[in-house]
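Notes for the one structure printed next.
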Amino acid sequence: MDLYKIQKPNFAKIDHKQVIENYLKNKNEYISFFNKVSENNYFYWDKVKYLVPPAHLGSIEEVWYIIKLIRSISSKDTVIKAENGKYFTLYRPSYTDEYLHKIDMNFGGEIFTHYQHIITPYGKQRLLTKSIIEEAIASSQLEGAAVTTPVAKKLILENKMPKDKSERMIVNNYRTMQAIVEHFKNEALSSEMLLELHKLITKDTLDVDKQGRYRNDGDNITINDQMKYIYHTPPNASFLNEQIPQLIKYANEENETGFVHPIIKAIFIHFWVGYLHPFYDGNGRLARTLFYWYLIRKGYWAIQYLPISLVIKRASNQYGMSYVYSEQDGLDVTYFYDFHIKKIIEALTNFEAYIKRKSAENTTIQSKLAGKFQLNDRQYELLRYLTVKQEGGYITPSSFIALYKVSRETANKDLKILEKLNLIEKKRFGKNMRYFATQSLFREILSN
């Protein structure tokens, strides 16, 4: 296989002195063009080359030369070291403060402020479970798990046994995310924790001798498209073993010389793990898991409600190329940063829209039923779930327990009451019992 190499312009034909003189004469126009490709969007040459600058600024190659020069001068070294001994750099786009402020205002919990009178604690629990499930599924699908999302959700919610490697990947990822939320969020990062997380992620999907150990040079790992190109060859084992302690210190904020915003740090941790590729398999899932671990540990607990991998999966090619650009274009990690922070904002926007929609649904259903039935918050939530699903939507005792984190006794009690009120009905499917909305419930919801 050949190493994939990004397209690069030929700067050898450029008269550098003349280009810089031209820049000084037309600085404002150059800056305007620079902003077009470096601020709202951080483009690489493969997109920039199709743009047409004003003729007096020179060729697009000459303009790109100036753009690269400005980016280089304006960038700062990060702590992420490349195998060649140099450090990845970050250019800070002008949108950064705005995005970080928006994330700060929401991820501490304020995202629920306007809906707290409608979204009950059990409603939040259901949302949390739903988001962790979606994150586990999407993160696994990014790494090749060949399971449809509906099948994967049923697998987790109904506590089914995985049938193959793809299903096991998803279950492992779900359990790892649960472990992060319930246990590891209070722990500092360590080599032992990394190995333990890797075991959780790769259980029964990888040979036992490859689980919970760092890769070695004999593993011959490459990241490729399995057809023609190698997109990344991880650093050798000696460099990996040198850098893992540095990654751990960074994540634990040891020996820091200045403040780095937690969102930026979480993105760097994600990238660093992907670049080092510490294990034989499961590195992408681990990198995204550590992104959540770090932010939850730093008090951004609402990040649990945003399945970032879901929006990343919709742009999986851009995700992969953000790594490639960062490594091959002068170690400029801004490509990865730009992609990642925009996906966080996209996930946040999607979640806000989802919350508004579900809040409206909850209000409608509760107002229709509250005068006739004395139900608890879980039961209202369940009826909303079943009626929004329309025909075919159902819940099982196992999925009720998973969604709301209640005991089997509580789940059965809630379901029996709703069944007695003729709001749900049960049907047997093999050994399993499923509960569906009744026509009586639909009539109640649709009544004036």
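FYI, it's all coordinate maths here, none of it is from the lab. Just so you know, these numbers come straight off a predicted model, no measurement behind them. Methodologically, a virtual Cβ is constructed for each residue, glycine included, from the backbone with ideal geometry; neighbour enumeration extends over all protein chains shown.
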* **Among 398-405, 358-365, 195-202, the order from most to least packed when residues are scored by Cβ within 10 Å on average** => 195-202, 398-405, 358-365
* Structure fact -> Checking rank on 14-26, 376-388, with mean other Cβ inside 10 Å and highest first, the result is 376-388, 14-26
* Asked: R0 = 45 Å: FRET efficiency of ARG175 with ARG92, Cβ-based, nearest 0.05?
  -> 0.75
* Going highest first, how would you order 173-183, 406-416, 310-320 by mean Cβ packing within 10 Å? -> 173-183, 310-320, 406-416
* Structure fact -> Amide H contacts under 5 Å for THR78, restricted to residues at least 5 apart in sequence or on another chain and with H modeled in the peptide plane, are PHE88, THR89, LEU90
* Asked: Between region 182-222 and region 410-443, what is the C-alpha centre distance in whole Å?
  -> 42
* Alpha-carbon Debye profile of the chain, log10 I(q)/I(0) at 0.10, 0.13 Å⁻¹ -> -0.81, -1.18
* Structure fact -> Length-normalised contact order of region 371-446, Cα under 8 Å, at least 6 apart, in percent, tallies to 30
* Quick one: Cα centre-to-centre distance for region 254-314 and region 18-59, in angstrom? -> 33
* To do: Pop out the ³J(HN,Hα) list for region 398-409 in order, Karplus 6.51 cos²θ - 1.76 cosθ + 1.60 with θ = phi - 60°, rounded to Hz; leave Gly and Pro as x.
  => 5, 6, 4, 4, 5, 5, 10, 6, 10, 6, 5, 4
* To do: Rounded, prolate or oblate: pick one for region 368-416, where a ≥ b ≥ c are the square roots of the eigenvalues of its C-alpha gyration tensor, a/c under 1.5 means rounded, and failing that, prolate if a/b is larger than b/c, else oblate.
  => oblate
* Asked: Remind me, relative contact order of region 68-175 in percent, using alpha carbon pairs under 8 angstrom and six or more residues apart?
  -> 17
* To do: Please report the relative contact order for the chain, taking Cα pairs under 8 Å with a sequence separation of at least 6, and give it as a percent rounded to a whole number.
  => 18
* Asked: Hey, which aspartates and glutamates would be in cross-link range of LYS420, C-alpha to C-alpha under 12 Å, not counting anything within fewer than 8 residues on its own chain?
  -> none
* Structure fact -> If amide H atoms are modeled at 1.01 Å from N in the peptide plane, then the residues at a separation of 5 or more from ILE230, or on another chain, having amide H under 5 Å from its own are ASP2, LEU3, TYR4
* To do: Within region 49-86, find all residues whose amide N lies under 18 Å from a label point positioned 7 Å from the Cα of LYS8 along Cα-to-beta-carbon.
  => 49, 61-73, 82-86
* Structure fact -> So, for the Cα atoms of region 2-74, Rg and Dmax in Å stand at 12.3, 43
